[in-house]
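Here is the structure we will look at, set down as structure tokens.
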């Protein structure tokens, strides 16, 4: 599969399996993610008036939506283009996507521990890069 269009079948399987595991602990996972995200860049706190628990819920909902269309690159692209435009309107900058990806990986590693294998890291890294590229291109033009 062309990586510019999506994930390989193996990567999709790894990401979906991992997401199923962390979604069983979604409150813990999303709260940890939000705490680390805001610690990594406090300017993100100013971008939303929603309470942190609502942001956590929306984050998990976004990941669930991504998982539901992971094998449909064009649908995934359309969703991420829309999110990229929404995020830009809310004040999200290009640099925030790098922070988001790093925090996502760190949170997965912390929650999964030794089960966060190099293959899982690679699959999630590819997913985060893919999603970020689409969102950034929609909001700011070609990367």
- Item | Checklist (1) in contact (Cβ under 8 Å) with a residue 40 or more places away in the chain; (2) surrounded by 15 or more Cβ atoms within 10 Å (Cβ to Cβ); (3) over 18 Å from residue 17 (Cβ atoms); (4) in contact with a helix residue (DSSP H, G or I) (Cβ under 7 Å, 6 or more places away or on another chain) applied to residue 140, failing item | (2)
- Out of all the residues in region 44-57, which are assigned to a helix (DSSP H, G or I) and either exposed (fewer than 14 other Cβ atoms within 10 Å of the Cβ) or touching a strand residue (DSSP E or B) at 6+ places or on another chain (Cβ under 6 Å) (or both)? 45, 46, 53, 54
- Note on the structure: Of the candidates 38, 29, the one satisfying the condition of being surrounded by 14 or more Cβ atoms within 10 Å (Cβ to Cβ) and within 19 Å of residue 116 (Cβ to Cβ) is 29
- Note on the structure: When residue 6 is run through (1) in a helix (DSSP H, G or I); (2) in contact with a helix residue (DSSP H, G or I) (Cβ under 6 Å, 6 or more places away or on another chain); (3) modelled with pLDDT under 90, the failure sits at (1)
- Message: Anything in region 84-123 that is modelled with pLDDT under 95, surrounded by 13 or more Cβ atoms within 10 Å (Cβ to Cβ) and either in contact with a strand residue (DSSP E or B) (Cβ under 6 Å, 6 or more places away or on another chain) or not in a helix (DSSP H, G or I) (or both)? List them, or say none.
- Response: 92, 93
- Considering residues that are in contact with a helix residue (DSSP H, G or I) (Cβ under 8 Å, 6 or more places away or on another chain), surrounded by fewer than 14 Cβ atoms within 10 Å (Cβ to Cβ) and farther than 20 Å from residue 133 by Cβ, the number found within region 58-83 is 1
- Check whether at least one residue in region 7-16 is closer than 13 Å to residue 131 by Cα and surrounded by fewer than 14 Cβ atoms within 10 Å (Cβ to Cβ), and report yes or no. no
- Task: Determine which single condition residue 126 fails, assuming it passes every other condition in (1) in contact (Cβ under 8 Å) with a residue 40 or more places away in the chain; (2) under 22 Å from residue 31 (Cα atoms).
- Result: (2)
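The values are calculated or read from the model by the stated rules, or taken from the named source; none is laboratory data. Source: prediction; values computed, not measured. Ideal geometry is used to build each Cβ from the backbone, glycine not excepted, and the neighbour counts take in all protein chains shown.
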